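Computed from the coordinates by the stated procedures, all read-outs in this text should not be read as laboratory data. Quick caveat, the model's predicted, so the values are computed rather than measured. A quick note on method: Cβ atoms are made from the backbone with ideal geometry, for glycine too, and the neighbour counts reach across all protein chains shown.
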Amino acid sequence: MPPAPKSDATVVTANLTAGPPPWLLRAFLLAATTVAGLIASFWVLQKLQGFLTVLLVSLFLAFAIEPAVNWLAARGVRRGLATGVVFLGLVTVVVAFVWTLGALLIDQVTTLVQNAPDYADQGVDWINETFNAELSGEDISRYLTQWSDQIESYLVGVAENAWGIGTAAIGALFQALGILLFTFYFAADGPRFRDAVCSLLPPERQRHVRRAWDIAVEKTGGYIYSRGLLALCSALAHYVVLRWLDIPSAFALALWVGVVSQFIPTVGTYLAGALPVIVALVHHPTDALWILGFIILYQQFENYVLQPRITATTLDMHPAVAFGSVIAGAALLGATGALLAIPVTATVQAFAGAYIRRYDVETDTTPPPPKPRKSRNWTRQLTIRLTGANPAPEPAAPEEKPNPDR
């Protein structure tokens, strides 16, 4: 006699008595471990954000100077010595640039302080003539006194935060030294570093890593050298115009325009053009208009004539893609991301282009002819469904006989 079926209450009671299934505890431990690992990973990344930024900038600079290091190494120079020579050249250029701009700043501030009374009188006369006002030197002195009190309070606040400013300056100095050190190691030991990374991968993936590495070096180096050439052309053109207009510190201003307009993405052009316009405005307002007009004309010439020819082989990227990459890089890593965005995007674009297959676009817009529809004899189908009889088949079309005259 078969046993009586157990009721639902009996089954539930038996399951509760047997305890939870064995896989439930393992699933709970796995989920807890995963969550804890994610939290720990985010905490570590947050703490190491500065260090990882240093490594990223160092790798970018190493890729930028590696073509020059390879060129010297191919001519018999030891790789360490070649890296040192390239480093010495770059440091010399940076120090000369900062020294020149420092001399410009000191010269302009000194001139402004010495000629401040004359500028104040000229400003008062211009305001009175333009706006029919009745300002005097006493009004200007009163305004300057009020501003001086505000400036003094601001300087006192800055002096109170001198410890924080000094700490930030020391931190920035250590970051700069760390970037230089890692850049030297990455450039000097570039081949060994690449081989060490590839040794962790199977042979079929090593080819992809080597190819991506070569593309990154080519695009990053091409970006830096093309920007350097564009900066040189811009500095020479602006130097000629500034010397023709007899603007003081023409060489320093031209160097500022050339470097800043090329190596600061998106807003570099506006920052570069603002300084010579301000200096010319202090010197003579008409000269400021001439310089502003020349900057606008040269920018159009550079965008449509010079830049496409220089960057055609090194950085083939649509302007909209470059602008979007700069915005995305700034959102991720701030100023560092904005600086690295264009070469990184160019590398990704070139690497994807090497593996993505493209097809030719058809220019013929004529729609294809419609397919012939099969003729259906609805009468025969209706007869079959109603009577169930199979009517006589339709006579076949007469077979076309070959023409012997063809």
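In sequence order, the range 216-222 has phi-based couplings of 4, 5, 5, 6, 5, x, x Hz under the Karplus curve 6.51 cos²θ - 1.76 cosθ + 1.60, θ = phi - 60°, and Gly or Pro positions carry x. In terms of its alpha-carbon gyration tensor, the range 27-114 comes out oblate; a/c meets the 1.5 threshold, while b/c is at least as large as a/b.
If packing is taken as the average count of other Cβ atoms within 10 Å, what order do 90-103, 333-346 fall into, highest mean first? Could the numbers behind the result be given before it?
Working: 90-103: 12.5, 333-346: 19.4.
The most tightly packed comes first, giving 333-346, 90-103.
Built from the Cα atoms of the range 25-71, the convex hull projects on average onto 4.7 nm², one quarter of its surface area.
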